[in-house]
């Protein structure tokens, strides 16, 4: 980077040589001291200056790009590393799209200042300064005369920018609006068509686009006047140089070659000035990008222990666990304990805290108060790796990596032999459909792509968990309904997975879990009751209501259907 | 590069005239920028004459020079303004027309179109890609065309003073043009590479984040981190390489121009030395040598951006030649709503998906379609709504071939309820009203009650006026599903096609969804992709599909007596529905 700056400086100095050459030539002519040799010499000097300027500019650009992209890479990697160490809960709360946007697109914006602004801005800033100083050595008044057009242009830019920020944010709003209308029209087009609403929706669509066009044109056309005025005046440095130069000559304080030099140099300042104006514009964007990136970089990390913990068994205990989320209490002093090998189910209305309880066990977040222990050890004192080997969390999120199906399953236990992978795949009922692929287990998830149904992906995810063979399984029961066409196979694979394990189930359909050792009834983050199915039916009104609705809704539908069909 | 410029000019369509008028203004702007330089040179001449005592310099002349400069600056401003007015708005106006045109196309293509063109691509095209054109196209025209107009206008005025120097300038510009051409070629080629690398990065980052839960729970941090590291490194080296090539070409391009500039200095001073040129002219040449190429120098960036624009234009041209499935359709009003498949075959991507299927569905009856996954159930339903045209055979609705209809008039008769629900970013009320635009509030509430969503809607703070988040995100899957059913109830189409998987979306509330569906299908001609025992048992007719072929057909009572897929289906469903852990 320093080298790049150095090259940029040399390049600027080189770019200044032609001016000196021209100045010398004019002076020589005016003093009648020209010879062929001198002309050739100065013309070559100009050429050499240009060469130096270009070569070093190119060097500088290449160097600055190398360092810019290296820095981008480092920023990205450190963000990713940070995310890995942050509580999973924090990460999954952000939408993937937004994260991607920050890590890729926003960080990319930083490339511009790093790669361009430094070499180019520097030279564009440096050149006018050198020229100005050089002019000062000729004549201070002339130097100032060169800048005569600056205040006029600055004034008109200032007027133009007066409410630029407001206008710009309005413009962004209008643009967002029209984009969302477009997105909605396009994404919703199937519904629009299915409901024959093409014409009305289309009118809305046209209306929004038209309004946006009018807005944009209005704004832009209102700036054309001042904008073009500034852009015309700013480079018109001759405005001051020529008349003042003439006057100074008449007064006898400026000789002809100095006049020529001032005129030439004032033309040389023009280009850099214009570029400078453009760069200032980009500064805002960059500021936002850096802000976003540093927000991600400042996420708090989950504290981790490294010494392996000794678990006396695989029993689980929640001791007075409370947890808040965005300042809302989600769990209040939840207390229960599960012996090793038992089957517990969490039930209750949605939003009652079932998923949160389960997620806390995997340390998606840390509890706000109380503690969760496995085998008597607080999970915060268990190294993450060990915790992960101990607990399998099976959810509807059946993510596959874009590698072979074999490796996707082997992820559960990197040391597993091929045979063990096959065995797990068979138990999870995915062996057959994998073998249907031309490349079998060597098919990548990407190649299989759309040919894998939700249920098939789910079963691969279960095979992975099977291979991992963790003693504790947390299961989101909804997993079983990912793919109604293959419900039976998913159910069989789940059966294989949970055999002999300590099992905690987030339950949705009560009939599925009525054989649980204990059912924990949750509402608004509190445990209302914990008992067996029979016990709860007797003791809890809420539960027996839920049970009845469940049963009824099953028969209700059947009954209603029959009425129609008779 | 010049091809892209020509494409942009063509893209502007009937705004072309304004574009050309803009070019004339550009020429005038160039003249106005050049004259102050001539004045400066002339002033120097006057100084020299004064020096030599030929003609004294007067205050009058100073004033004249000043006024002339001011006048030309103002003229330049005036022409710049006119140019902006005639050219700059074109981008926005053409974009406007283009967006409308795409909207029009989307309105008319069959739904099957969206299976091939993802809505994501279509949205990107209308938003970001068009924005590139909107904001950049005119700037590029300005940079390239007006840049060359400027340089050639200046060169032609140099011609008056010295033909060799003018020729030198032309040579410099042409040589730089060659390098720009190569640079542009490089860019268009590398844009693909950079683009692909960016997509790879996006893919990797998404995989990394989405898979983070898995990675963490399987303690495989290293593996996935290595993948992403490699992708990042590749991206870095591709970018560096592209930029290096760019910088080198750019260097050559500038070299040509600067070489010519140095040449001007040499030639002008040599000519003057040989007495072939006046000092005044020489000084003018020297001054021009610094500014003449300024605008052409800036074209390098344009050459880069034009590559992107070219790719965008390609995309749009592809989109121009879609044809409409219902070109010859007419508005058909139906009396009956029976559906008939007559020896229908259909292939998708060269694979036969439906093979010689024939059956009849009488008005007002319920038909359940069952079959293993991939047997063609969904395709069969899509064919009724004519998302695609059949390869052979005929599908008749109410006795008329679906090909006779316009898509709109066919869909008036059909409501489809699928797993994928799309709600608009609008109030719940308007989302339901979508089924029938002139519906009263009473009708909407009635439909909502029947779809079992009145209750939860009323519990919301703003009730029916609650805004549904983008894509309907603030509501649970089951709630969204029920709103979409309310919409369909309000539409009250005589034919209902639905996928029963719908109810699995939200196992906690599936009872509600089931009863909403029951309301929707009351008294209608119903085709249902069935998963539940009760649904199947109560259907008037069951169609069993296997690998695109009709394998069994009949009522529950008849099919149960046959050996076949149906029995297998029943057995599995019994097990599944009685499942417990």
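The values are calculated or read from the model by the stated rules, or taken from the named source; none is laboratory data. Computed from a predicted structure; not experimentally measured. Using ideal geometry, Cβ is built from the backbone for each residue, glycine included, and neighbour counts are taken over all protein chains shown.
This table checks each residue for (1) touching a residue at least 24 places away in the same chain (Cβ under 8 Å); (2) within 19 Å of residue A:19 (Cβ to Cβ); (3) not in a helix (DSSP H, G or I).
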position	(1), (2), (3)
B:231	yes, no, no
B:243	no, no, no
B:252	yes, no, no
B:263	yes, yes, no
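The residues listed here are A:264, A:290; of these, the one that is in a helix (DSSP H, G or I) and assigned by TED's automatic domain parsing to the domain that holds residue A:110 is A:290.
When residue A:222 is tested against the conditions (1) touching a residue at least 40 places away in the same chain (Cβ under 8 Å); (2) surrounded by fewer than 20 Cβ atoms within 10 Å (Cβ to Cβ), the lone failure is (1). A single entry from B:158, B:122 fulfils the requirement of being within 13 Å of chain A (Cβ to nearest Cβ) and at pLDDT below 85: B:122. Against the condition within 12 Å of chain B (Cβ to nearest Cβ) and either touching a residue at least 60 places away in the same chain (Cβ under 8 Å) or touching a helix residue (DSSP H, G or I) at 6+ places or on another chain (Cβ under 6 Å) (or both), how does residue A:329 come out, does it pass? Taking the combined requirement at face value, the residue does not satisfy it. For region A:158-193, the set of residues classified as at pLDDT 80 or above and within 30 Å of residue A:132 (Cβ to Cβ) consists of A:158, A:159, listed by residue number. In the set (1) outside any strand (DSSP E or B); (2) away from chain A (no Cβ under 11 Å); (3) touching a strand residue (DSSP E or B) at 6+ places or on another chain (Cβ under 9 Å), residue B:553 fails one condition alone, (1). The criterion of at least 1 residues that are within 14 Å of another protein chain (Cβ to nearest Cβ), touching a strand residue (DSSP E or B) at 6+ places or on another chain (Cβ under 7 Å) and under 25 Å from residue B:523 (Cα atoms) is met by the following strands (runs of 3 or more DSSP E) wholly inside region B:346-436: B:366-370, B:414-417. Do you know which residues across region A:225-242 are in a helix (DSSP H, G or I) and touching a residue at least 40 places away in the same chain (Cβ under 8 Å)? Result: A:226, A:227, A:229, A:230, A:231, A:233, A:239, A:240, A:241. With the checklist (1) buried (at least 20 other Cβ atoms within 10 Å of the Cβ); (2) over 23 Å from residue B:300 (Cα atoms) in hand, flag the one item residue A:77 doesn't pass. Failing condition for residue A:77: (1). Does residue A:410 count as farther than 30 Å from residue A:347 by Cα and either more than 10 Å from chain B (Cβ to nearest Cβ) or crowded, with 19+ Cβ neighbours inside 10 Å (or both)? Yes; evaluated as a whole, the condition is true for this residue.
The helices (runs of 4 or more DSSP H) located wholly in region B:1-86 include none with 3 or more residues which are out of contact with any helix residue (DSSP H, G or I) (no Cβ under 8 Å at 6 or more places or on another chain) and in contact (Cβ under 8 Å) with a residue 12 or more places away in the chain. Annotation: residue B:382 fulfils all but one of (1) modelled with pLDDT of 85 or more; (2) surrounded by 15 or more Cβ atoms within 10 Å (Cβ to Cβ); (3) more than 27 Å from the chain's Cα centre (by Cα); the unmet one is (3).
Residues of region A:512-545 that are over 42 Å from the mean Cα position of the chain (by Cα) and either assigned to a strand (DSSP E or B) or within 12 Å of chain B (Cβ to nearest Cβ) (or both): A:514, A:515, A:516, A:517, A:518, A:529, A:530, A:531, A:533. Has region B:290-308 got at least one residue that is under 36 Å from the mean Cα position of the chain (by Cα), crowded, with 17+ Cβ neighbours inside 10 Å and assigned by TED's automatic domain parsing to the domain that holds residue B:404? For region B:290-308, residues under 36 Å from the mean Cα position of the chain (by Cα), crowded, with 17+ Cβ neighbours inside 10 Å and assigned by TED's automatic domain parsing to the domain that holds residue B:404: absent. Among the residues of region A:297-326, those identified as part of a strand (DSSP E or B) and touching a helix residue (DSSP H, G or I) at 6+ places or on another chain (Cβ under 8 Å) are A:316, A:318, A:321, A:323, A:325. Restricting to region B:87-108, give me the number of residues that are surrounded by fewer than 19 Cβ atoms within 10 Å (Cβ to Cβ) and more than 9 Å from every other protein chain (Cβ to nearest Cβ). Qualifying residue count for the region: 3.
Being within 24 Å of residue A:504 (Cβ to Cβ) and touching a strand residue (DSSP E or B) at 6+ places or on another chain (Cβ under 7 Å) is the filter; apply it to region A:395-426 and report the residue that is modelled with the highest pLDDT. For region A:395-426, the residue satisfying everything is A:395.
Could you identify the single residue in B:118, B:156, B:162 that is under 23 Å from residue A:47 (Cα atoms) and in the same structural domain as residue B:284 (by TED's automatic domain parsing)? Of B:118, B:156, B:162, the one residue that is under 23 Å from residue A:47 (Cα atoms) and in the same structural domain as residue B:284 (by TED's automatic domain parsing) is B:162. Within region A:480-511, the set of residues being at the interface with another protein chain (Cβ under 9 Å from one of its Cβ atoms), within 21 Å of residue A:350 (Cβ to Cβ) and in a helix (DSSP H, G or I) comprises A:480, A:481, A:484, A:511. Condition check for residue A:96 on (1) more than 10 Å from chain B (Cβ to nearest Cβ); (2) surrounded by fewer than 17 Cβ atoms within 10 Å (Cβ to Cβ); (3) farther than 30 Å from residue A:144 by Cβ: one failure, at (1). Quickly run through region A:348-364 and pick out the residues that are under 12 Å from residue A:391 (Cα atoms) and either surrounded by fewer than 21 Cβ atoms within 10 Å (Cβ to Cβ) or within 13 Å of chain B (Cβ to nearest Cβ) (or both). Result: A:358, A:359, A:361, A:362, A:363. In region A:156-210, what residues are within 17 Å of residue B:408 (Cα to Cα) and not in a helix (DSSP H, G or I)? Matches in region A:156-210: A:188, A:195, A:196, A:197.
Of the helices (runs of 4 or more DSSP H) lying entirely inside region B:114-164, the ones with 2 or more residues being within 19 Å of residue B:184 (Cβ to Cβ) are found at B:130-141, B:147-161.
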